[in-house]
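Okay, so here's the structure we're looking at.
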2 protein chains.
Amino acid sequence: MLHDEFEWIKSITPNSSFQKELVTGIGDDAALWSVNKEMDQVVCVDTMVEGVHFTKDTLSPYQVGYKALAVNLSDLGAMGAIPQFYLVSIAISKDWNEEELGEVYKGMAHLASKYKTDLIGGDTVSTKGPLVLTVTVIGKVEKGKRLLRKNAKPGDSVFLTGVTGESAAGLQLLLKNTRHHHFSSDEKQLISQHQMPSPHIEQGRILASSALRISLNDVSDGIASELNEIAEASQVTIHIDENKIPVSPLLARYPKNEQLNYQLFGGEDYVLTGTVAQDQFEQISILFQKHSLEIFEIGKVGEAGNAAVYLHRNENKSPERITKQGFNHFRER
Amino acid sequence: MLHDEFEWIKSITPNSSFQKELVTGIGDDAALWSVNKEMDQVVCVDTMVEGVHFTKDTLSPYQVGYKALAVNLSDLGAMGAIPQFYLVSIAISKDWNEEELGEVYKGMAHLASKYKTDLIGGDTVSTKGPLVLTVTVIGKVEKGKRLLRKNAKPGDSVFLTGVTGESAAGLQLLLKNTRHHHFSSDEKQLISQHQMPSPHIEQGRILASSALRISLNDVSDGIASELNEIAEASQVTIHIDENKIPVSPLLARYPKNEQLNYQLFGGEDYVLTGTVAQDQFEQISILFQKHSLEIFEIGKVGEAGNAAVYLHRNENKSPERITKQGFNHFRER
């Protein structure tokens, strides 16, 4: 749930209890509460709607299931949590037959088995509208190790745990051609990043286990949006350097501006972005190398008190302020 | 999730882990897992779809929210659990404006405040179809006190924690006249049972706290259906006595057969039904009296080994077997 949504709901329900002290992570995409001396429980929920988040031309039924769970697991990754269970609520339209529905569950089960995450419940109902798939994921994280957006401080390094932009470029190919088109090998890889993203659970666990002060977010709406959320939650200015943002070789054939737009504003990458004290980035980087995982330093946190994100394009130009929106014309959400 | 749904999903996803030993309540409408030495965590999810579970003619937006949470809390009640948190995922159609959506959240918040249950997250998306509202409720129950369907044994008393049939009669009035009709005082009460059912959380807690062997289910699909679920889970025969099933005074004007149909098959009553050893029913009954709550003994558990439910109408007729379905013509679910 976005912070703005939460504040809106709170404003219209003034009599509700909202015992914030019970739930410390609220306002981020996942919430958590204490269950014992060692661990906190974490929960998050995400919904995918046919015709809004996917169509039968962009995702196969198997991929619909896979992605619905991946998106949720990514929220857990951004908290540094260990996935444990999931529940699936599905509103089924007449356009989906039993075999297709079976594929949806297989897609979820495949990804779930990788993380030993068990399906423990759900609800199956019919709808006269498009398919609506809601996944609730439950995980746990060691007390005090949860990673939140509000932890960024001046001088921190800004990092990214993978390349961005591939998913959005893949989606554009799908919207233009449908998934039944004969794509090149490079195109297939781009499309695959959109259809079956890998949640960065392991990366989140490494960051949480480091016990360092880290701010973190998963890249669902693009780096620009996620870093603005960290800037707002932490009340700091963030500066990122165009030359440091990793470019996917698969995007090499795209014009430079289009590349940058995908990288910053594309979204649905489900890598992690965040901040750590500058003198500790090296330590984090070595930990990632040990696990054969990527991490890139893409900028710095500037001063406190003014929430904003700036892109430094090159030495001749002054930095450009980038907002959450950027260009977002292919996403209705 | 129904047991049949769960078995189907398991059958199509043979490679998934489904570590049943981690989750002991699975197969009932709620699942639970251990979090510390004293308590288990409980979770359940339910979805309400416009045009299937309600229309703008049967429920106001406020009532849509109220009922969506009530239905979920009822699942917790059937486990004897204490509600703690809820998450709301809503797919919004263009037919719903912001004021109406605010009412949906107010309806939930009103009921939630009664049980000190906090909204801790959710997701808000758009849909081109009807409104889909998914609520996830999280609660806790003392270890070993959870109440499951499989606990019934021969000789047990069968009980019911309130009258049934009012909700279904109320729905019929709504389908015929819409909620904007000028109803009589009695009719308003029937309609209210359909629109804003009270989950039997307190009753579930009394039963769980008794530490007796109790089987329990909430009446979402009618007594006939719920008792058949207990009969199947416990592998016993259940006998209920027409004369002992409490009749709502609000149903007095209906023909006897229509009354009985509503009572047995109507559904959406959200009272609790279950079994307890015959010599302990009196003890339970006194506990309920102390809390000014109703409990009725409506029959007995017969022999083990053959799952079935029988209705005894009077001394001259042989008992009739009643199935889950009964008549169910006004419910699509």
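The single condition among (1) over 30 Å from A:VAL35 (Cα atoms); (2) crowded, with 23+ Cβ neighbours inside 10 Å; (3) touching a Gly at 6+ places or on another chain (Cβ under 9 Å) that A:HIS239 does not satisfy is (2). Scanning region B:290-304 for residues that are farther than 15 Å from B:ASP156 by Cβ and open to solvent by 50 Å² or more (accessible area, probe 1.4 Å) yields B:LYS290, B:HIS291, B:SER292, B:GLU294. Just for region B:250-289: of the residues that are among the hydrophobic types (A, V, I, L, M, F, W, C) and surrounded by fewer than 14 Cβ atoms within 10 Å (Cβ to Cβ), which one is nearest to B:ALA211 (Cα to Cα)? This residue is B:ILE286.
Kindly establish whether A:ALA233 is under 16 Å from the mean Cα position of the chain (by Cα), within 20 Å of A:ILE322 (Cβ to Cβ), among the small types (Gly, Ala, Ser) and outside any strand (DSSP E or B).
no
Could you look through region B:236-271, keep only residues that are part of a strand (DSSP E or B) and out of contact with any Phe, Trp or Tyr (no Cβ under 8 Å at 6 or more places or on another chain), and pick out the one that is farthest from B:GLY299 (Cα to Cα)? The residue in question is B:VAL236.
Give the number of residues within region B:165-207 that are in a helix (DSSP H, G or I) and in contact (Cβ under 8 Å) with a residue 12 or more places away in the chain. Going through region B:165-207 one residue at a time, the tally reaches 26. Between B:LEU190, B:LEU173, B:LEU160, the distinction of being over 18 Å from the mean Cα position of the chain (by Cα) and of a type in the set (A, V, I, L, M) belongs to B:LEU173 only. Within region A:59-104, the set of residues being within 11 Å of chain B (Cβ to nearest Cβ), surrounded by fewer than 24 Cβ atoms within 10 Å (Cβ to Cβ), touching a Pro at 6+ places or on another chain (Cβ under 9 Å) and in a helix (DSSP H, G or I) comprises A:GLU99, A:LEU101, A:GLY102, A:GLU103.
Residue check: is A:ALA152 more than 10 Å from every other protein chain (Cβ to nearest Cβ), buried (at least 24 other Cβ atoms within 10 Å of the Cβ) and within 19 Å of the chain's Cα centre (by Cα)?
Yes, satisfied.
Scanning region B:200-228 for residues that are of a type in the set (Asp, Glu) and surrounded by fewer than 24 Cβ atoms within 10 Å (Cβ to Cβ) turns up B:GLU202, B:ASP221. From the list B:LYS37, B:LYS56, the one residue that fits, being at pLDDT below 95 and outside any strand (DSSP E or B), is B:LYS37.
Consider only pairs whose beta carbons are under 6 Å apart and that are at least six residues apart or on different chains; among these, list those whose first residue lies in region A:65-79 and is of a type in the set (D, E, K, R) and whose second residue is open to solvent by less than 10 Å² (accessible area, probe 1.4 Å) and outside any helix (DSSP H, G or I). Final answer for the pair search is A:ASP75/A:ALA30; A:ASP75/A:CYS44. Scanning region A:273-311 for residues that are touching a Ser or Thr at 6+ places or on another chain (Cβ under 6 Å) and over 19 Å from A:GLU202 (Cβ atoms) yields A:THR275, A:GLN278, A:GLU297, A:VAL301, A:GLY302, A:GLU303, A:ASN306, A:ALA308. Within region B:105-119, the set of residues being crowded, with 18+ Cβ neighbours inside 10 Å, of a type in the set (Gly, Ala, Ser) and facing another protein chain (nearest Cβ under 7 Å) comprises B:ALA109, B:ALA112.
The values are calculated or read from the model by the stated rules, or taken from the named source; none is laboratory data. What you are looking at is a predicted structure, and each value in this text was computed from that prediction instead of being measured. For neighbour counting, all protein chains shown are included, and Cβ atoms are generated from backbone atoms with ideal geometry for every residue, glycine included. Each accessible area value is taken on the protein alone, full model and side chains, heavy atoms only, with ligands, DNA and RNA left out. Shrake-Rupley method; radii C 1.70, N 1.55, O 1.52, S 1.80 Å.
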